[in-house]
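Colleague: Input: one structure, supplied below.
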Amino acid sequence: MKIDISGIEFPLTLDLQNAKLFGTIPASLVTPMLLKEIDKYDNYSLRDTEFDRWRTNDINLGLINQGVGVQCSVSLKHRTFLFSFRGEKHYTNWVSVTLNGRAEFSVSISNNTVHVDYLSHNIKGQGWYEGIVSLLANDLFKSKVANVLRDSLQQFNGQNIASFLKPGTITENELRIPISLDELLKNVSASATINPNGIAIDIKLPAQVVIT
């Protein structure tokens, strides 16, 4: 059965025989919503000391199979203390390095619950900037970014998915039944999987719907 929904740019299928509603929310709609929250860590200071200034730049993300990949560059500045003279400290010139990092997170949405787990990172450091690897992995990726993703993806859990499905009409041949999808999706159980194309939703509907 086809569903006609005003203001929705992606198709949904209503399977009455199996009491299911399913479709894919495209990545073009999902990623901007996630980036809106992730962007708070663009130009984020990882370290700002007398000797080190580490800051993230150009943070971005994309959907992957069963998860999310996050990329960013990190500008690193380092200097070394030389000597003090008459109360004034003297240092070497700042040395600058830019690193590119990536982390992957697994995401599952089942029975209206979102789970986000840190999987891995791909960034290397050596010498004076070796410590950036553990700082990125543990402070930025494992902690802050994982929490932001978890919070952002709550809008795609079963309870909130109806926000994408504005009131419309369900159409089968010439029969038009004026039922709001908000009404149809109250108190339902939903699961979803993520792939590069978007978030595939699978919503179990009540076995019987009373239309008044």
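Since every read-out is calculated from the coordinates, none of them should be taken as a lab result. For clarity, every value in this text was computed on a predicted model and none was experimentally measured. Please note: Cβ atoms are built from the backbone with ideal geometry, for glycine as well, and neighbour counts cover all protein chains shown.
Colleague: Quick one: of Lys40/Lys77; Lys144/Lys204; Lys40/Lys204, which pairs are farther than 29 Å apart, Cα to Cα?
Modeller: With Cα atoms farther than 29 Å apart: Lys144/Lys204; Lys40/Lys204.
Colleague: If you build the Cα gyration tensor of the range 10-65 and take the root of 5 times each eigenvalue, what three semi-axes come out, in whole angstrom, biggest first?
Modeller: Computed over the range 10-65, the values are 42, 9, 8 Å.
Colleague: Neighbouring Cβ atoms within 10 Å as the yardstick, rank Ser189, Ser152 fewest first.
Modeller: Placing the least packed residue first, the sequence is Ser189, Ser152.
Colleague: Per-residue counts of other Cβ atoms within 10 Å, averaged by peptide: what ranking do you get for 72-84, 135-147, highest first?
Modeller: Per-residue Cβ counts within 10 Å, averaged per peptide and sorted highest first, yield 135-147, 72-84.
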